[in-house]
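The values are calculated or read from the model by the stated rules, or taken from the named source; none is laboratory data. If you're wondering where the values come from, they're calculated on a predicted model, not measured in any experiment. For neighbour counting, all protein chains shown are included, and Cβ atoms are generated from backbone atoms with ideal geometry for every residue, glycine included.
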Amino acid sequence: MARRSTKTPPPDDFEERILDIDVVDEMQGSFLEYAYSVIYSRALPDARDGMKPVHRRIVYQMNEMGLRPERGFVKCARVVGEVMGKLHPHGDASIYDALVRMAQPFSMRLPLVDGHGNFGSLGNDDPPAAMRYTECRMADATSLMTESIDEDTVDFVPNYDGQEREPAALPAAFPNLLVNGASGIAVGMATNMPPHNLGEVVAAARHLIRHPGADLETLMRFVPGPDLPTGGRIVGLSGIRDAYESGRGTFKIRATVTVENVTARRKGLVVTELPFAVGPEKVIAKIKDLVGAKKLQGIADVKDLTDREHGLRLVIEVKNGFVPEAVLEQLYKLTPMEESFGINNVALVDGQPVTLGLKELLEVYLDHRFEVVRRRSEFRRGKKRDRLHLVEGLLVALVDIDEVIRLIRSSENSAQAKERLIERFSLSDIQTQYILDTPLRRLTKFDRLELEGERDRLNSEIEELTKILESDAELRKLVSSELATVAKKFGTERRTVLLESAGSPAAAVPLEVADDPCRVLLSSTGLLARTASGDPLPESGGKRAKHDVVVSAVAATQRGTVGAVTSAGRLLRISVIDLPQLPDTAAAPNLSGGAPLSEFLTLEKDEEVVCLTTLDESSPGLALGTLQGVVKRVVPDYPANKDELEVITLKEGDRIVGAAELRTGEEDLVFITSDAQLLRYPASQVRPQGRPAGGVAGVKLSAGAEVISFTAVDPASDAVVFTVAGATGQLDASVGTSAKLTPFDQFPRKGRATGGVRCHRFLKGEDVLVLAWAGGAPAMAAQKNGAPVELPDPDPRRDGSGTPLVKPVAVLAGPPA
C-alpha cells in the first residue's frame, strides 16, 4: 500500500521562482546590517544625552513607573521586566547589568540609580546579587535626565513592535556623557570615555556658551583632566591633552598610597584609592602570585581592611630591611596598582559614529540643550496661550453675565446656545464651549478678580517665553543659568589628583636598606628605636619632650644586631632592622616614635632590661652589679648561633640592678646602696670572667642594706651623683621626700669590696635611699610615664641632706652617648 503524502499541494497557478544570489554579496549586506544595528542600537552612546539605548530605556521606564527619589524602592526584577517587555528587545541579563552599573558609585561619577542591596564591589570581586533580591529607584540626579520630557522637548520613536513609543534622546539637564563616561565595543569600533567632574564640565560648558569661539587651551583650564569615581592619581597629562584635541589619547592611573607604621615593628603601604575599575582582590591575587614566583621582594603580608565606615584600605606590610618607596615602585610596575586608560571618544552624532574632542563633545551637548529649552519654551508658551484664550473668553462672559444666562436659558439646546453666544459676543468655539462647561459657582465677583490676575500673569509669562524664543542671547543665558543650578546642587570636589609626572624615579632608591651606621636607643619607659645615622645624639636643649630620657644607647649598623642585658642575667639578641626608625625631624633624644620592648623580647615575670650592649668581641666587655653587691666583668664571647646567652650565674634571690658596656676599660665602677653609701673604684680592680662565672664581691653591705644603683663612669668626664631619700617601705622615688645632686668628683676612690662613703644625709622621717644614679652630666630625670622633671641645683656637699622634691622622679640618665 502506497504511503499518502501529508504536504499541501501547491495551487494550480503556482509559479516557482528561484533567485541566484552571490554568497559574497549576501554576507556583505547581512554583515553591514548587523554592524549598523550593533553600532546604533546597542554599543555606542548618543553624544546628546550620553546614553546607550538600554540605559535610556531604563531611565525612561523608571520615570514612567513613577520611581522617583522620594518614593519607595521596588524590585529590580520589576524594572527589568517592564523595560524588556515594552522597550528593549534583548535578554534580561543585559538590562540588569546596565542597571547595576548605573547604581555603582565606583563606576559612575554621578550615579543615576539609587540601589538598595548588593550591587557588587569594586573590580567585580563580589558580583551583584540577583535582580530578584535587589531594589532600586531613580537617584536625585536622574530627574535631570528626564526633566520636562512630557513638554515636547525630544522626539519620540516607535518601540521594537510599534505598540509603544520611546524617546530618541533624553532632555539631559547635565552633560552626562562627559560626567559619567561610557565604554562599549561595536563592530569595527569601540568607545572608552572616562568620567569627569560635574562642576568642571559645567564651568567649561558655560564658558563655551558665552564664548563660542573658545579654544581648547581655555576649556582645559576648566576641565584639566578626568575625575574618576575611585580617585587615584593620573600621571602624565600629555595623553589627556591629545584626547581632548583629537578624541584619542592615553594616560596612567596610579593608586593613592601612603607609608605608615602599620605595626610597632613594621612599616607598610596603605592603599586608600585604586585605579578605575580595579578591585582589591585583583591586586592581592597579583601580589601573592609575584611573591610566590619570587618576582616581587620585600612584601611581608597583605591585608584587606576595607569596610563601609572607612572605605577602601589595603595594607601591604613591608619586610624590615626594605625601603617602602622602592617596594611601592615595584608594585606600580608589576601589579594593577598602576593601569593605563585609553581614551577613545566615539559617540553617535545624528546617528553616525564620530570621534569627538572635548570642545566637540560640549558643542553637541549644548546644541541639544538649546533645542530642548527652545522646544520646551514653545510648548509652555502654547499652553499658556491656550489658557489665556479661555480666560479672556470667560472674562468677556462675566462682563455681561446676565445676558449670557438669558441666552443660554432661552436656547432650545446646547448647540443653539453655543451659536448664539458666538454670534453675540464674538467668541471662538473653544471659548464658548469652556463657558458652557463652567459651573455657575465660578462666575462670582471674586472669581472675576482671580481671572483678571491670571490673565495678567499669563501675559507676562508669555512675554518672557517669547523673549527667549526670539533672542538667542536670552536662550543661551537661560541654559547657562540652569547648568549653574545643577552644578551647585550636585557638584562635588575633585577626587582624582592630576600629576604632570611621577616625580623623581623611585628606581634610583635601593630596594634594601643599606647597612649604614646608626644608634639603638632605650628610653626610660621601655621604648626601643634606632636613629637614621650613627652620629652621637645632641643634648636636649630648650623645652624637653616626653620620653626623652635615654637610659641606654649603643652604636650599631642598620642591618646588625645588639644585645639587651636583663635583670635575670640574660643577654638577648635584637635585630636592629626590626626597630622603628626615629624621624629626622624629631628631637634627637625623643623616643616617642619607638616601640615597646615587648614587641621584640620575651621577658619573664619581674624581669627587666637594664642596658643595651654591642656584641663587639674586641671591646673591654660588660660590667655588672647585683642587688647583693656582686660585681662582674664579662669576657666578650657572644656565639653568633645563639639568640640568648647567660652572662652571670646569680645566687638565689639576687638580680642585676645595673650594667654598662665598658668602652676603654679605664672607667670607675660605682655602687650606691640603700643606706646612702657610695663606693667608687677602677674597673681594672675586677678581673674579667667567662659568661658562666658568678662574679666577685663588689661592695660591702651593712645589715639590711642592698644595692640600688650600679654604673660605670668615665673619671675624666663631668659627672654627677643624684640621690632620692625616703622612708623604709617605700618602693620607688614617686614617694621620695628629698633629692640631692652632687658633683661626682666629691667622692674619693676606695678599694673593691669596701663600704664606701656616705653620699646623702637623711632628714627627719627618712632612713633609706629609694633612687640613686651616677653618670655623666647633665643628668636628666623623668616620671614613670616619661614626662620630664627638672632637677635641683648641684650641692657640693658630699654628705649633705636633700631638698624637697617638686615632682616625683622615677628614673635618671645622662646625655645619650
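Quick one: in the stretch 606-655, of everything that is in a loop (DSSP other than H, G, I, E, B) and among the aliphatic types (A, V, I, L, M), which residue is surrounded by the most Cβ atoms within 10 Å (Cβ to Cβ)? First the steps, then the outcome.
Step one: list which residues in the stretch 606-655 are in a loop (DSSP other than H, G, I, E, B), which gives 606-608, 614-621, 627-629, 635-643, 647-655.
Narrowing the set further to residues that are among the aliphatic types (A, V, I, L, M) leaves 615, 627, 635, 640, 647-648, 650.
Working: Leu615: 19, Leu627: 20, Val635: 16, Ala640: 8, Val647: 27, Ile648: 24, Leu650: 20.
Among those residues, the one meeting the criterion is Val647.
State yes or no: is Met193 of a type in the set (A, V, I, L, M, F, W, C) and surrounded by 23 or more Cβ atoms within 10 Å (Cβ to Cβ)? Talk me through it step by step, then tell me what you get.
On the way: of a type in the set (A, V, I, L, M, F, W, C): yes; surrounded by 23 or more Cβ atoms within 10 Å (Cβ to Cβ): yes.
In short, yes.
Considering the stretch 117-132 alone, what residues qualify as being closer than 22 Å to Glu64 by Cα and surrounded by fewer than 16 Cβ atoms within 10 Å (Cβ to Cβ)?
Arg132
With the checklist (1) over 21 Å from Glu360 (Cβ atoms); (2) touching a residue at least 24 places away in the same chain (Cβ under 8 Å) in hand, flag the one item Ala173 doesn't pass.
(1)
Taking the stretch 249-269, which residues are buried (at least 16 other Cβ atoms within 10 Å of the Cβ) and more than 21 Å from Ser107 (Cα to Cα)?
The answer is Val262, Ala264, Arg265, Arg266, Lys267, Gly268, Leu269.
Look at Asp402 and say whether it is within 21 Å of Ile149 (Cβ to Cβ), modelled with pLDDT under 95, over 43 Å from the mean Cα position of the chain (by Cα) and surrounded by fewer than 21 Cβ atoms within 10 Å (Cβ to Cβ).
no
Please work out which residue is surrounded by the most Cβ atoms within 10 Å (Cβ to Cβ), limiting yourself to the stretch 733-762 and to residues that are in contact with a Gly (Cβ under 7 Å, 6 or more places away or on another chain) and over 29 Å from Arg544 (Cα atoms).
Out of the qualifying residues, it is Arg752.
The rows are residues; the columns are (1) under 15 Å from His55 (Cα atoms); (2) in the same structural domain as Thr485 (by TED's automatic domain parsing); (3) modelled with pLDDT of 95 or more.
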{"residue": "Gly91", "(1), (2), (3)": "yes, no, no"}
{"residue": "Leu99", "(1), (2), (3)": "yes, no, yes"}
{"residue": "Leu112", "(1), (2), (3)": "yes, no, yes"}
{"residue": "Pro127", "(1), (2), (3)": "no, no, no"}
{"residue": "Ser148", "(1), (2), (3)": "no, no, no"}
{"residue": "Gly162", "(1), (2), (3)": "no, no, no"}
{"residue": "Ala182", "(1), (2), (3)": "yes, no, no"}
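Please go through (1) buried (at least 18 other Cβ atoms within 10 Å of the Cβ); (2) free of Cβ contacts under 8 Å to residues at least 40 places away in the same chain for Thr218 and return the number of the only condition it doesn't satisfy.
(1)
Test Leu449 against the criterion of being touching a Lys or Arg at 6+ places or on another chain (Cβ under 9 Å), over 30 Å from Val202 (Cα atoms) and assigned by TED's automatic domain parsing to the domain that holds Glu378, and give yes or no.
no
Please work out if Met108 is within 25 Å of Thr272 (Cβ to Cβ), touching a Gly at 6+ places or on another chain (Cβ under 9 Å) and among the hydrophobic types (A, V, I, L, M, F, W, C).
Yes, satisfied.
When the stretch 370-381 is examined, which residues are found to be of a type in the set (Asp, Glu) and either within 10 Å of Leu469 (Cβ to Cβ) or not in a helix (DSSP H, G or I) (or both)?
Glu378
Only strands (runs of 3 or more DSSP E) wholly contained in the stretch 279-369 count here; list those with 3 or more residues that are of a type outside the set (A, V, I, L, M, F, W, C). Lay out the reasoning, then the answer.
Numbers: elements: 299-304, 314-318, 338-344, 346-349, 352-355.
In the stretch 279-369, 299-304, 338-344, 352-355 are the strands (runs of 3 or more DSSP E) which contain 3 or more residues that are of a type outside the set (A, V, I, L, M, F, W, C).
Restricting to the stretch 85-99, what's the tally of residues that are assigned to a helix (DSSP H, G or I) and within 39 Å of the chain's Cα centre (by Cα)?
The total comes to 8.
Tell me the residue from Leu390, Leu469, Leu395 that is more than 28 Å from Phe370 (Cα to Cα), surrounded by 13 or more Cβ atoms within 10 Å (Cβ to Cβ), of a type in the set (A, V, I, L, M) and in contact (Cβ under 8 Å) with a residue 60 or more places away in the chain, please.
Working: Leu390 fails: in contact (Cβ under 8 Å) with a residue 60 or more places away in the chain; Leu469 fails: more than 28 Å from Phe370 (Cα to Cα).
Of Leu390, Leu469, Leu395, the one residue that is more than 28 Å from Phe370 (Cα to Cα), surrounded by 13 or more Cβ atoms within 10 Å (Cβ to Cβ), of a type in the set (A, V, I, L, M) and in contact (Cβ under 8 Å) with a residue 60 or more places away in the chain is Leu395.
Give the number of residues within the stretch 326-337 that are surrounded by fewer than 21 Cβ atoms within 10 Å (Cβ to Cβ) and touching a strand residue (DSSP E or B) at 6+ places or on another chain (Cβ under 7 Å).
1
Scan the stretch 779-797 residue by residue and report those that are more than 12 Å from Pro808 (Cβ to Cβ) and touching a Ser or Thr at 6+ places or on another chain (Cβ under 9 Å). If you could, list the steps in order and put the result at the bottom.
Of the residues in the stretch 779-797, the ones more than 12 Å from Pro808 (Cβ to Cβ) are 779-780, 786, 788, 790-797.
Those that are more than 12 Å from Pro808 (Cβ to Cβ) and touching a Ser or Thr at 6+ places or on another chain (Cβ under 9 Å): Met780, Gly786, Pro788, Pro792, Asp793, Pro794, Asp795, Pro796, Arg797.
Does Glu166 satisfy the criteria of being crowded, with 18+ Cβ neighbours inside 10 Å, outside any helix (DSSP H, G or I), outside the structural domain of Ser480 (by TED's automatic domain parsing) and charged (D, E, K, R)?
So Glu166 fits the description; yes.
Test Asn197 against the stated conditions and say whether it is modelled with pLDDT of 95 or more, within 19 Å of Val83 (Cβ to Cβ) and not assigned by TED's automatic domain parsing to the domain that holds Val59.
So Asn197 fails the test.
Just to be sure I understand the filter: pairs with C-beta atoms under 6 Å, separated by 6 or more residues or on different chains, first member in the stretch 598-616 and within 18 Å of Thr561 (Cβ to Cβ), second member crowded, with 18+ Cβ neighbours inside 10 Å and of a type in the set (Phe, Trp, Tyr). Which pairs pass?
Sorted first by the residue in the stretch 598-616, then by its partner, the pairs are Leu615/Tyr638.
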